[in-house]
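Q: One structure, pasted below without further comment.
The values are calculated or read from the model by the stated rules, or taken from the named source; none is laboratory data. Quick caveat, the model's predicted, so the values are computed rather than measured. Here Cβ is always computed from backbone atoms with ideal geometry, including for glycine, and neighbour counts include all displayed protein chains.
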Amino acid sequence: MADIELAASSSKAERAKPVEMVQLIVFRLGDEDYGIRIEQVKEVTVTPEVARMPKTPPFIKGIANLRGDIIAILDLEERFRLRPAGRELPERSYTVAVEAADYTLGLVVREVPRPLTLPLSQIEPAPEFVQDTGARDKYLEGIAKLPDGNIIIVLDMRKLLTPSEVMRLPGKTASK
Amino acid sequence: MNKRILIVDDSFYMRTMLKNMLTDAGYEVVGEAANGAQAVEMATSTSPDLITLDVILPDNTGLDVLKSLRQVQPTAKVVMCSAVGQEVIVNEAIENGALAYIVKPFSEEKVLEIVGAALQNDAEQTA
Amino acid sequence: MKTRDQEYREMFMAEALEYYDSMSRHLSELERNPSAGPALNELFRLMHNLKANARAMGFTDLGEMAHHLETLFGLIRDQQRTFSGALTRVVFAGVDAMGAMIRAIGANQPLPDAQALIENLDRLVRGEEPVFEEDEVAETDEEAGKKMELSDLVYIQVKKLDNLLNLVGELVIDRDRIMTLAQELDNPALLATAQHLFRISDDLQYSVMDARLVGVGVLLNKFPRVVRDVASAEDKEVELILSGQDVQIDRNILQIITDALLHLVRNAVSHGLETKAQRQQAGKPLVGHLTLSAMTERDDVLIQVRDDGRGIDTEAVRRKAVERGLTTANIAATLDEQAVWAFLFEPGFSMASKITDISGRGVGLDVVKLALDSLGGQLRVESELGAGTTFTLVLPTSIAVKGALLIEVEERPYAVPLMHTDTVLALQPEQISVVGGVLLTHFQGQPVPLVPLQLLLNDEGDEPLPLATRNDVQGAQQVLVVNYNNRRLGLVVDRFIRQQNIVIKPLSKPLDTIDLFGGVTLLGSGQVCLVLDVPALTRLFITKRP
């Protein structure tokens, strides 16, 4: 498996001290790869039937029944405005159930998310200056650069999923 | 603000009776512990103003628990509870920082008087 | 009628039987290993607790026996006596005697005499040999026939019961789903099994709900103290009458209304009841009467707070409502008493100190209303100026299952709790008029405003709803008349689906901030269905009406 090899090659240099590894669940939003630490992920499943909920911002697709838990389903492509024109969500999509402090939320994604293990040192902390742009950069843990040149944007779910963040209407963030 | 009290007693019946007396009198009972380990844990997490402590507990003697409680929550007032016959332990408890003791079976008036006095002691010290 | 004393007694009994069982267990261990430290410590502790509890309950004979045994076990623990020989026999006899006493207490019978045993225990404590009477030897033969006693009561955390209730809720939903499937497949064997499952899960649900019920008395019995305190602070004399303490209700419901009830009772004493001087002037008895009663009405539990005080001054409330801009003078003049009193439950309304002075009512009534709304309960008010006021809390017995009407709007189902529904109407266009941009119909001689539910659900921003015109009314209109706080509102829906019992799950964060929805339920088809909150819908309509 690619991710295991990756781990092995980078740990060769410091054999004496084990390298701290991070496991991510990686998925695609728009044309970019995003990752969430596996500790923050509860499960990955085919998106269940979603009931549209009035009085919520458009990026909240609605609510769904996930094994008896009723959870809100979020569309991050819409939240971060990453959706390429004319590419609506496919009929069969996937939901990454992530755990916030005391509740669970579902993130809907187009393709099956995949696991990836990499050394913590490969994640570079997000630059400070992006703190106030209101969109995705605020919720970054960092950016992982893979040996093959690909980039994974690592999201920090705990910052993203506070109730006020979730319920914030995108149009209103700047003015309020 | 209502004074917050932690009750430590291994008898459910005793805890309930104490709790009713104290809450009726307007105190807030923040926890009920049935043994020493629970007592120390709850004292740490709830930071009560006062702790009522039974002298005889299942996993520990009340005295050891008292010493631990004095360590984790030095500002909490401790009032010992005991049926007659255990005066020796009670005296030792007083020497170890307990403020007063209530003798079981207790009357509501007596409990409120002693708890009130112990908390009064608190007010004087902070004043 | 279950009083606090009775509850203490039940607790005492349960714990005493538990102690007795543990003692017997530890004694057998001690018999095998006379120097087992933990067993000795436990026996000492159990005797000590039993002594303290028995004395607190006033069972002095039992307390005395436990006290003697405690002293003896203290000596054994400190190695001044050994658990052997005649001592063993006396100790066993002593513990058996305690068991008999506990059973006698449970059966309300006089306690057996144990003087000879106490004397023997005294002798052992003093270091003397016990003295046995002849026939005591024979008694040991009864050992074989001795009954084992387990407590009839189990203490259980409410959290565990909550969990059980949730699981049963899930089960019921799946059961309904299987029932639907069985009917669709039309397989007789499957259908029979499904029907059996239906009955069993019904019984199970009933049992779980039943296990959560407690007597209202556990709350009511706290009030004599509250009333005494408030009355003495206000220098009033109040006689409190409690009744219906044994009426059963879900423990969590009781928890939720605790503050509301406290509010109503304090208010009744400090504002509802007059001072002694005022009562004398009004020719009333000096002592004010306050009645706190619980009763069952169909599936609901009613809790009433009744005082014989000054009553609500309806005209003062009416004036105040106009002053505060809650209504216009013209409309206010047409409102009946109930409609005027409804203003008392408006948030903020009651904060005006004048109202409390004049009417003696109002502080924080909105808080009471909110607690009831969260339970799907109702508040009824009756009052007569000069004669008194009665507040009635109408509460569901159990939280779990509620009757609801399923409706459809924009191809999505919604559930409306029956508690807030008045009737359903199919209205022809000519039965509907347009007044000031609002659709109106008449029902039972009263004007009822109508609003398409779809408009309320999709409403966004702060602008009022669009003005209604005659063109909005094409063909027959399906109207669900809901009722909140004596205000009727007709919701125009696309279709009525059916009436059904639903299990309401609360909305989890972050969606729980949307007050239009009281929760969510799963339909037999597995479909997620939002439960509408009628109070919130009504409030939204009032603030947004054009």
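Q: Residues A:136, A:158, A:168: which one is within 13 Å of the chain's Cα centre (by Cα) and either within 14 Å of another protein chain (Cβ to nearest Cβ) or at pLDDT 80 or above (or both)?
A: Going through A:136, A:158, A:168 in turn, just one is within 13 Å of the chain's Cα centre (by Cα) and either within 14 Å of another protein chain (Cβ to nearest Cβ) or at pLDDT 80 or above (or both): A:158.
Q: While we're on this one: Which residue, of C:507, C:530, C:540, is within 14 Å of residue C:414 (Cβ to Cβ) and either part of a strand (DSSP E or B) or in contact (Cβ under 8 Å) with a residue 40 or more places away in the chain (or both)?
A: Criteria check complete, one pass: C:530.
Q: When you scan segment C:164-250 for helices (runs of 4 or more DSSP H) that lie fully inside it, which ones turn up with 2 or more residues that are without any contact (Cβ under 8 Å) to a residue 24 or more places away in the chain and surrounded by fewer than 14 Cβ atoms within 10 Å (Cβ to Cβ)?
A: Counting at least 2 such residues, we get C:188-211, C:223-234.
Q: If I filter segment B:26-49 for residues that are facing chain C (nearest Cβ under 10 Å) and either surrounded by fewer than 18 Cβ atoms within 10 Å (Cβ to Cβ) or among the small types (Gly, Ala, Ser) (or both), do I get at least one hit?
A: Yes - at least one qualifying residue is present in segment B:26-49.
Q: Output the residues belonging to segment C:447-471 that are touching a residue at least 40 places away in the same chain (Cβ under 8 Å) and within 14 Å of another protein chain (Cβ to nearest Cβ).
A: C:452, C:453, C:454, C:456, C:457, C:459
Q: Being part of a helix (DSSP H, G or I) and at pLDDT 75 or above narrows it down to one of C:372, C:379, C:395, so name that one.
A: The unique qualifying residue is C:372.
Q: With A:43, A:49 as the choices, which residue is over 14 Å from residue C:507 (Cβ atoms), within 13 Å of chain C (Cβ to nearest Cβ) and surrounded by fewer than 16 Cβ atoms within 10 Å (Cβ to Cβ)?
A: A:49
Q: Has segment C:72-83 got at least one residue that is small (Gly, Ala, Ser) and within 35 Å of the chain's Cα centre (by Cα)?
A: no
Q: Quick one: how many residues across segment C:123-155 are in a loop (DSSP other than H, G, I, E, B), modelled with pLDDT of 80 or more and either within 51 Å of the chain's Cα centre (by Cα) or surrounded by fewer than 10 Cβ atoms within 10 Å (Cβ to Cβ) (or both)?
A: Within segment C:123-155, residues that are in a loop (DSSP other than H, G, I, E, B), modelled with pLDDT of 80 or more and either within 51 Å of the chain's Cα centre (by Cα) or surrounded by fewer than 10 Cβ atoms within 10 Å (Cβ to Cβ) (or both) number 1.
Q: Taking interchain pairs and intrachain pairs at least six residues apart, which have beta carbon atoms under 9 angstrom, with the first residue in segment B:1-24 and within 15 Å of residue C:52 (Cβ to Cβ) and within 14 Å of another protein chain (Cβ to nearest Cβ) and the second of a type in the set (Ser, Thr, Tyr) and part of a helix (DSSP H, G or I)?
A: B:11/C:19; B:13/C:8; B:16/C:8; B:17/C:8
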